[in-house]
Amino acid sequence: MIETLTALAEPNRLRIVELLRTHPRPVGAIGAALRLNQPQVSKHLRVLKEAGLVTVEPRAQQRVYQLSPEPLRELSEWLDRYRRIWDERFNQMDDVIEAIQAKEGKTRHDRRKKR
Amino acid sequence: MIAERKGEPMMATSLERTSDCELVMRRAFRAPADIVFDAYTKPEYVRLWWAPKPRGVTMAQCDADVRPGGRYRYVLARGETERFAFSGKYLEVTRPTRLVYTQTFEAFPDGEAIVTVRFEERDGVTTLVAHDRYPSKEVLDGALASGMEDGARESFEQLAQLVASLSG
């Protein structure tokens, strides 16, 4: 998961992933679309490949990269799991707040009336 | 005036990674800010809500000296042996509007985050906005990846949308 996040945290790598959403592309087409030179594209693709985000397939004289969505699916599940943990906590905090208000409600009401 | 609680939709928690090193979480509560502030900080209240009970986690320890320079330590327990300790120091305590503290997941002692919490009250509803700043991208990635006890502007908004569309 750290690998997925680290790989995607670089803006150009994120652009590559977005570009590959529509269809697989050869290295040259990725560089042309994003205005990156070949060594840059190759470097980014290597990181994405190591993170399992893309797979490569030789086709004729070209290396064609395609998106492998599994790590992104895991990432999404993880992000949502983290949010849900806090959601559960805050739902419990609602109950605590309700109890505090029930206990302090009268005091607060009296205090407000005096103003 | 406090909005009626029953029959209203649940308040949703939003979580966004706003930069490499920052997370922002928001949640609204139907209560005045002083009550939300107390529920969020006082140990006798924190021990009642901080452990996500649906996950079989309980609160093993909950100590907090809520004043500038004071320290806190929260420990979650799962089963007999698993313990997850979080601790830190209060840097600013301005009841009921603002709270700043450090937070370390003790399993990763180098990863101290600074948490700034704002309590914004409007029409009897208080929105808690917690801003976590980590020392580096790697530390935040690690904290996120470990999911703490169990377990995203520019590029990260795109990432969030991308992830949603790919996993949908």
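Every number in this text was worked out from the coordinates using simple rules, so none of it is lab data. This structure is a prediction, so every number in the text was calculated from the model and none was measured. We place every Cβ from the backbone using ideal geometry, glycine too, and count neighbours over all the protein chains shown.
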- Query: To the nearest 0.05, what FRET efficiency results for A:Asn37 and B:Arg122 with a Förster distance of 41 Å applied to their C-beta separation?
  - Reply: 0.20
- Note on the structure: The answer for trypsin sites (Lys or Arg not before Pro) in segment A:1-76 that fall in a DSSP coil and have at most 15 neighbouring Cβ atoms within 10 Å is A:Arg21, A:Arg35
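Run the numbers for B:Arg95 and B:Asp65: contour at 0.36 nm per residue of separation, minus the present Cα-Cα distance, in nm. Spell out each step's value before the answer.
Working: separation 30, 0.36 × 30 = 10.80 nm, distance 1.39 nm.
Taking 0.36 nm per residue and subtracting the Cα distance, the gain is 9.4 nm.
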- Report the FRET efficiency, 1/(1 + (r/R0)^6), for B:Thr58 and A:Glu10, where r is their Cβ-Cβ distance and R0 is 41 Å, rounded to 0.05. 0.55
- Message: Which of rounded, prolate or oblate describes segment B:4-80 when judged by the alpha-carbon gyration tensor and an a/c cut-off of 1.5?
- Response: rounded
- Protection-proxy order for peptides B:92-101, B:44-53, each taking the mean of Cβ atoms within 10 Å per residue, highest first: B:44-53, B:92-101
- Check: C-alpha center segment B:87-114 vs C-alpha center segment A:1-72, spacing in Å is 38
